[in-house]
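The values are calculated or read from the model by the stated rules, or taken from the named source; none is laboratory data. All values derive from a computational prediction rather than experimental measurement. Glycine also receives a Cβ, built like all others from the backbone with ideal geometry; neighbour counts cover every protein chain displayed.
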Amino acid sequence: MTARVEHLVTSGTFSLDGGTWDVDNNVWIIGDDESVIILDAPHDAEAIMRQVGERKVVAIVCTHAHDDHVAQAPRLRELSGAPILLHPADRELWALTHPDVQPDSDLEDGEVITIAGTDLQVMHTPGHAPGAVCLYAPDLGCVFTGDTLFNGGPGATGRSFSDYPTIVDSIRTRLFTLPPDTVVHTGHGDDTTIEAELGNVPDDKPA
């Protein structure tokens, strides 16, 4: 028995460095008919829980702590009883949105989260944010990349807490070591594959 992947899109805003932008976010729900994990918590906790239904939520896993990915994490925790997991390098970024609320547990590079008999391997991939992580599910042939890698190339690095050479290094040394046919489930927009993105990530500097 392996887990299945469900997809939900929620709409709202992303705010940082004094600006606010309209965004659509992908929410990934991974599990079976009994239990799931929720990957990211944007915009609408009630809509996410409607998708979950009566299933047990084992964890709310945050790919990074930008507000459009974590704004509803405390509400999701309240509704589901599940712990919030975040890489410790993103605690400062988390505090911009939730100064008085803390995640429950730290994500560690190399950690394995198991749901419905399926292992998800945590990969620390800084660059878009210091604590950005991806989750690789070899049995499902996919990787969940948050905002580290999109259909078309690297995630944005033009704002505070981000760094372009770091994200390129993360993609090249971590994600590009995965099998070329690995499906990439992103934090925004359409799926892609590792192979399709090989030519979309420059070696060092943006053009």
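Couple of notes before you dig in:
- Cross-chain or 6+ apart pairs with Cβ under 6 Å, the stretch 120-144 first and more than 18 Å from Asp68 (Cβ to Cβ), then acidic (Asp, Glu): Val122/Glu111; His124/Asp109
- Residue check: Phe161 meets all listed conditions (1) surrounded by fewer than 21 Cβ atoms within 10 Å (Cβ to Cβ); (2) over 15 Å from the mean Cα position of the chain (by Cα); (3) at pLDDT 95 or above; (4) within 27 Å of Ser15 (Cβ to Cβ) but one, namely (1).
- Candidates Val5, Val23 - the one that is surrounded by 13 or more Cβ atoms within 10 Å (Cβ to Cβ), in contact with a helix residue (DSSP H, G or I) (Cβ under 8 Å, 6 or more places away or on another chain) and either at pLDDT 95 or above or of a type outside the set (D, E, K, R) (or both): Val23
- The one condition in (1) modelled with pLDDT of 95 or more; (2) touching a strand residue (DSSP E or B) at 6+ places or on another chain (Cβ under 7 Å); (3) not acidic (Asp, Glu) that Gly152 fails to fulfil: (2)
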